[in-house]
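Worksheet: the structure to be examined is printed underneath.
The values are calculated or read from the model by the stated rules, or taken from the named source; none is laboratory data. Model, not experiment: these values are computed from the prediction. Neighbour counts are summed over all protein chains in view; Cβ atoms, including those assigned to glycine, are modelled from backbone coordinates with ideal geometry. Areas reflect the complete protein model, heavy atoms only, side chains present, ligands, DNA and RNA absent. Shrake-Rupley method; radii C 1.70, N 1.55, O 1.52, S 1.80 Å.
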Amino acid sequence: MAHVSSSTRAAARRGEGRLAACLLAPTVIGVGLFTLLPMAASILLAFFDWDIVSTPEFVGLDNFASVATNPTIRVSFLNTFGFVVVAVALQILVALVLAVLVQTRMPGWLRAFFRSAFFFPLILSAASVSLIMSYLFNEDFGTVNAILGLVGLGPVGWLTTTGAMCVTVLVYVWQNFGFTFLLFVGGLASIPKDVYEAADIDGASGWRQLTRITLPLISPTMLVASVMAIISALQIFDQPYVLTRGGPGDSTRTAVMVIYQSAFQELHFGLASAIGLLLMVIIMIATWLQFRLSRRFVFYM
């Protein structure tokens, strides 16, 4: 009986394994076909010159040399890095301030309203939001300049001067801070109330509670928010493409815009793959550095 029982259990485990394999197969096949295979093809394509019409020609590291020597590509990466620094810092600051304010004493319905209102821009299409903003900031008939005209100020070329990057940052932050805001709301809600009650008894001021209690205890949430925000910002495309097409000059041209231009406008798919591979490496290094630095600045309860 013991032998039969052991065989039965073994057969049951094999049946469960086959069932699990059948259930996982669609996901594994989908990830392999639509994620891993394109990634491998893109890495391989970075070493070829291919215009989608002729036969791919192996060029070795020439595409990577072009990345290093092409001034447009260099400017696009510098623009991307500058955008990331300003946009991510502003996004986290705005989201944190609003989350702290919303978590203060207020009626529950009002708190729910603000949560929904701040998150709403995120569910909209980035292209549609950018298109609307391009009309609002239009120099000739935009609403923003119309309002400035009412107070006697002349029209401003929001999207045609070097300040176009500022508009791009504002549009991006306005649409994306809602997700970071919800992360901070969840992090603040997880802090035990008795910690603040003890601080009140000790006479700690609001600022001291913020710097000594709130920020250290939500540092894990801040790590997650910053990692996701930096990864997203490094891939910025929709807002500058719709608002300025990378102009004026190359002042708002980003790395992903150059990838798009190289692949689908100039048909240099090998160069586009090389730029994309470099961007992927930068994202991986940035993420690794954040987790490395988090050992000093992140505190877990």
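Quick notes
- Among the residues of the range 148-160, those that are part of a loop (DSSP other than H, G, I, E, B) and surrounded by 11 or more Cβ atoms within 10 Å (Cβ to Cβ) comprise 155, 156, 157, 158, 159, 160.
- Search result, residues across the range 269-286 that are open to solvent by 30 Å² or more (accessible area, probe 1.4 Å) and not aliphatic (A, V, I, L, M): 269
- Qualifying residue in the range 229-242 (condition: of a type outside the set (D, E, K, R) and in contact with a Lys or Arg (Cβ under 8 Å, 6 or more places away or on another chain)): yes
Yes or no, residue by residue, for (1) open to solvent by 50 Å² or more (accessible area, probe 1.4 Å); (2) assigned to a helix (DSSP H, G or I); (3) free of Cβ contacts under 8 Å to residues at least 24 places away in the same chain:
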residue: 13; (1), (2), (3): yes, yes, yes
residue: 20; (1), (2), (3): no, yes, yes
residue: 25; (1), (2), (3): no, yes, yes
residue: 28; (1), (2), (3): yes, yes, yes
residue: 33; (1), (2), (3): yes, yes, yes
residue: 38; (1), (2), (3): yes, yes, yes
residue: 43; (1), (2), (3): yes, yes, no
residue: 68; (1), (2), (3): yes, yes, yes
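- Just one residue in the set 250, 202 is open to solvent by less than 70 Å² (accessible area, probe 1.4 Å), more than 30 Å from residue 291 (Cα to Cα) and among the acidic types (Asp, Glu); that residue is 250.
- So residue 227, is it of a type outside the set (D, E, K, R), within 20 Å of residue 52 (Cα to Cα), touching a residue at least 12 places away in the same chain (Cβ under 8 Å) and open to solvent by 10 Å² or more (accessible area, probe 1.4 Å): no
- Looking across the range 262-290, the residues that are assigned to a helix (DSSP H, G or I), in contact (Cβ under 8 Å) with a residue 24 or more places away in the chain and more than 13 Å from residue 231 (Cα to Cα) come down to 269, 270, 271, 273, 274, 275, 276, 277, 278.
- Applying the condition of being charged (D, E, K, R) and under 20 Å from residue 264 (Cβ atoms) to the range 45-66 and asking which residue is most open to solvent (accessible area, probe 1.4 Å) yields 57.
- As for the range 78-92, it holds no residue that is assigned to a loop (DSSP other than H, G, I, E, B) and surrounded by 12 or more Cβ atoms within 10 Å (Cβ to Cβ).
- Scanning the range 261-273 for residues that are under 21 Å from the mean Cα position of the chain (by Cα) and hydrophobic (A, V, I, L, M, F, W, C) turns up just one, 272.
This table checks each residue for (1) modelled with pLDDT of 90 or more; (2) outside any helix (DSSP H, G or I); (3) β-branched (Val, Ile, Thr); (4) buried (at least 18 other Cβ atoms within 10 Å of the Cβ).
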| residue | (1), (2), (3), (4) |
| --- | --- |
| 76 | yes, no, no, yes |
| 95 | yes, no, no, yes |
| 111 | no, no, no, no |
| 116 | no, no, no, no |
| 132 | yes, no, yes, no |
| 146 | yes, no, no, no |
| 162 | no, yes, yes, no |
| 173 | yes, no, yes, yes |
| 180 | yes, no, yes, yes |
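- Tally of residues being part of a loop (DSSP other than H, G, I, E, B) and touching a helix residue (DSSP H, G or I) at 6+ places or on another chain (Cβ under 9 Å) across the range 193-204: 1
- Residue ID - nearest to the chain's Cα centre (by Cα), chosen from residues in the range 139-164 that are over 17 Å from residue 247 (Cβ atoms) and of a type in the set (Gly, Ala, Ser): 146
- Residue count, the range 118-130 (criterion: closer than 27 Å to residue 207 by Cβ and in a loop (DSSP other than H, G, I, E, B)): 0
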